Amino acid sequence: MALRAVLIDGNGVARGMLNTVLCDGGYDVCGLSHASGPGFSLVEKLHPQLVCIARAQAEDGNDIVKHIRSACPKTIIFIVASGIDAAMVQAAQADGVSGFIVQPFNADAVLRTIRTTLLAVVRKQQGAASPD
């Protein structure tokens, strides 16, 4: 069974490219949105395992990352951005972001980033669940 993903990006071309990369990589893109509000509604309705949010939509003042983290705590959130700096990474991780996808897209790099992040999250969850 393919992991379900919701993509939230105001740029239709970028959203379409990421959709293609994920679908070709075996993911089920079950929702697409151009804005954080409708995107959050999709996440609440579909409960995807992955959400990819463009930096602009993550930082538009609607606190979508915190809302997703609250409504769907097991959903793995990725920020999609052309530039990623240490301060942005720290702030995003503090809000509950698990990974970062860099634009312009390189299909192999995107899929490797998602796979690596998924494995790290699963290992972390297994470590937290195992008795010491």
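The values are calculated or read from the model by the stated rules, or taken from the named source; none is laboratory data. Predicted model, so just to flag it, every value in this text is computed and none were measured. A quick note on method: Cβ atoms are made from the backbone with ideal geometry, for glycine too, and the neighbour counts reach across all protein chains shown. For the accessible areas, the whole protein counts, side chains as well, though only heavy atoms, and no ligand, DNA or RNA atoms are used. Shrake-Rupley method; radii C 1.70, N 1.55, O 1.52, S 1.80 Å.
Only one residue in Gly26, Gly12, Gly16, Gly31 is within 16 Å of Ile114 (Cα to Cα) and not hydrophobic (A, V, I, L, M, F, W, C). Which one? Even if it seems obvious, please write down each step before you answer.
Numbers: Gly12 fails: within 16 Å of Ile114 (Cα to Cα); Gly16 fails: within 16 Å of Ile114 (Cα to Cα); Gly31 fails: within 16 Å of Ile114 (Cα to Cα).
Step by step, each of Gly26, Gly12, Gly16, Gly31 is checked, and only Gly26 is within 16 Å of Ile114 (Cα to Cα) and not hydrophobic (A, V, I, L, M, F, W, C).
Rundown of residues vs (1) part of a strand (DSSP E or B); (2) open to solvent by 40 Å² or more (accessible area, probe 1.4 Å), yes/no style:
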| residue | (1), (2) |
| --- | --- |
| Ala91 | no, yes |
| Phe100 | yes, no |
| Ala109 | no, no |
| Arg112 | no, yes |
| Thr116 | no, yes |
| Leu119 | no, yes |
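Among all residue pairs at least 6 apart or on different chains, which show Cβ distances below 6 Å where the first residue, located in the range 71-84, is within 15 Å of Thr113 (Cβ to Cβ) and the second is assigned to a loop (DSSP other than H, G, I, E, B)?
Ile76/Ser98; Ile77/Val97; Ile77/Ser98; Ile79/Val97; Ser82/Gln103
Among the listed residues Val13, Val43, identify the single one that is closer than 21 Å to Gly96 by Cα, among the hydrophobic types (A, V, I, L, M, F, W, C) and modelled with pLDDT of 95 or more.
Values: Val13 fails: closer than 21 Å to Gly96 by Cα.
Among Val13, Val43, only Val43 is closer than 21 Å to Gly96 by Cα, among the hydrophobic types (A, V, I, L, M, F, W, C) and modelled with pLDDT of 95 or more.
Having 1 or more residues that are closer than 18 Å to Pro104 by Cα, open to solvent by 30 Å² or more (accessible area, probe 1.4 Å) and charged (D, E, K, R) is the bar; report the strands (runs of 3 or more DSSP E) wholly within the range 1-89 that clear it. Don't jump to the end; show me each part of the working.
Numbers: elements: 4-8, 28-33, 50-54, 76-81.
Here the list is empty.
Taking only pairs six or more apart or across chains, which ones have beta-carbon atoms under 9 Å, a first residue in the range 42-66 that is in contact (Cβ under 8 Å) with a residue 24 or more places away in the chain and on the phi > 0 side of the Ramachandran plot, and a second residue that is buried (at least 18 other Cβ atoms within 10 Å of the Cβ) and part of a loop (DSSP other than H, G, I, E, B)?
The qualifying pairs are His47/Cys72; His47/Thr75.
Of the residues that sit in the range 121-132 and are of a type in the set (Gly, Ala, Ser) and in a helix (DSSP H, G or I), which one is nearest to Lys66 (Cα to Cα)?
The residue in question is Ala128.
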